Amino acid sequence: MKLKINDNAFFWDTAMKFIAYYLSDIRQLSENTIKTYKNCLNCYINYLEEEKHIIRKNINFSLFNRKQLMQYMSWMSNIKKLAPRTCNLRLTAIHSLLEYSSNECVELMPIYIESGTIRNIKLIQKPIEFLEKEAMSALLNAPNNHKKSDRRNRMMLILLYDTGARTSELLNLCLGDLHLKSNPPYITLFGKGKVYRNIPLMVKTQEHLNYYLREFHSIASSNSPLFYAVTRGEKHKLSSDTLEKMIKKYVKKASIECLSMPEKVYCHMIRKTRAMHLYQEGIPLTHIQQLLGHKDISTTAGFYAFATLETLRKSLEKANPEEGVRMWKNENIIKTLYKL
């Protein structure tokens, strides 16, 4: 009897069930996350085919042993020069497949356990990329109010910032997700893990939305896309590429007068900006976690809970309010701090 570990058909059947059934129905991951897992597994299969010269139909679980995976990690890092985060993500996807497969077939348990002994590549913590308040304000004011498309785009930027929404969450919004007559008014976002969350809307955002709805949705049903384009007389949702191009256009325009505008700004950066501005204002991390839709508080803390220079300065001044004198400038204190 052929062992499951060497059975090519068993590998392909199990891998397909993992993607189409386990990730979707059991773990209930988002389409984007499932697509990422699928891409990561395909990258390893392509590596086996192109670098190890193994025919795809002959791939089986025996090729997922520790030695092969260690070589793959080394190849990604040293030959392809991929980012550590990318290497670790691909290893995570492989490990998840092996975990699922070992529960389906106990014969694969040793391979799964071995894969868990491979360490991730150490990540270098980088400062969070976000826009200073001046730059964010310049970006929001970049659209031209005389053009209809620009008025729509400005509303999108305002809502991105106010709600801290992900790109997909914003683009998937329908009119039925707005609750402007509630007390307080709020918007419902459909996020990662197929989880809904309600975000209260600020007063100015409500005003902008009311103007926008009167112009763009005088007659519409609750399932109509909030933001749309019209092609051949039909309304359709905007793509993420359209949103990215829009932001690049306005960044270029705003950077002429705003010197603090970064060269590269992307959609997710606005979400980070909202979180950092709230953090700098002293909003509790649990509230920021709820806004961002993070399942685990450690995710929020890992990304946003670091003290910027200005936040640190304010904290030190509150702790040492001696007539506005910054104690860390005192030479005796500096000598004390810089002693072994």
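The values are calculated or read from the model by the stated rules, or taken from the named source; none is laboratory data. Fair warning: this is a prediction, and the values are worked out from it, not measured in the lab. So basically every Cβ, Gly included, is an ideal-geometry build from the backbone, and we count neighbours across all protein chains shown.
The table below gives the values:
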item	result
Near pairs, Cβ below 6 angstrom, 6+ apart or cross-chain, from region 178-193 (in the same structural domain as SER30 (by TED's automatic domain parsing) and within 22 Å of HIS217 (Cα to Cα)) to any residue that is modelled with pLDDT under 90 and assigned to a strand (DSSP E or B)	none
Residue, surrounded by the most Cβ atoms within 10 Å (Cβ to Cβ), within region 80-96, restricted to residues that are farther than 17 Å from LEU48 by Cα and among the small types (Gly, Ala, Ser)	SER96
Flag for ILE5 being assigned to a helix (DSSP H, G or I), farther than 30 Å from GLU169 by Cα and more than 29 Å from the chain's Cα centre (by Cα)	yes
Which numbered condition ILE128 misses (of (1) part of a helix (DSSP H, G or I); (2) within 16 Å of THR273 (Cα to Cα); (3) out of contact with any strand residue (DSSP E or B) (no Cβ under 9 Å at 6 or more places or on another chain))	(1)
Residue within region 244-252 that is modelled with pLDDT of 90 or more, under 21 Å from ASN32 (Cβ atoms), outside any helix (DSSP H, G or I) and in the same structural domain as LEU160 (by TED's automatic domain parsing) present	no
Residues being over 14 Å from ALA9 (Cβ atoms) and not β-branched (Val, Ile, Thr) - total across region 46-61	8
Test: residue in region 97-109 that is farther than 28 Å from ARG166 by Cα, aromatic (Phe, Trp, Tyr) and surrounded by 15 or more Cβ atoms within 10 Å (Cβ to Cβ)	yes
Selection within region 8-45 - within 18 Å of the chain's Cα centre (by Cα), aliphatic (A, V, I, L, M) and assigned to a helix (DSSP H, G or I)	ILE34
Residue identified as among the polar types (S, T, N, Q), without any contact (Cβ under 8 Å) to a residue 60 or more places away in the chain and either surrounded by 12 or more Cβ atoms within 10 Å (Cβ to Cβ) or closer than 17 Å to ASP13 by Cβ (or both) among SER30, SER77	SER77
Matching strands (runs of 3 or more DSSP E) fully within region 155-239 where at least 3 residues are surrounded by 12 or more Cβ atoms within 10 Å (Cβ to Cβ) and of a type outside the set (Gly, Ala, Ser)	186-191, 195-200
Cβ pairs under 8 Å, 6+ apart, first in region 267-293 and among the aromatic types (Phe, Trp, Tyr), second surrounded by 16 or more Cβ atoms within 10 Å (Cβ to Cβ)	TYR279/LEU285; TYR279/ILE288; TYR279/TYR304
Number of the exception - HIS53 against (1) surrounded by fewer than 16 Cβ atoms within 10 Å (Cβ to Cβ); (2) touching a residue at least 12 places away in the same chain (Cβ under 8 Å); (3) not in a helix (DSSP H, G or I)	(2)
Which numbered condition MET155 fails, given (1) under 30 Å from LEU23 (Cα atoms); (2) at pLDDT 95 or above	(1)
Test for ILE158: is it among the β-branched types (Val, Ile, Thr), closer than 23 Å to LEU29 by Cα, in contact (Cβ under 8 Å) with a residue 40 or more places away in the chain and in the same structural domain as HIS287 (by TED's automatic domain parsing)	no
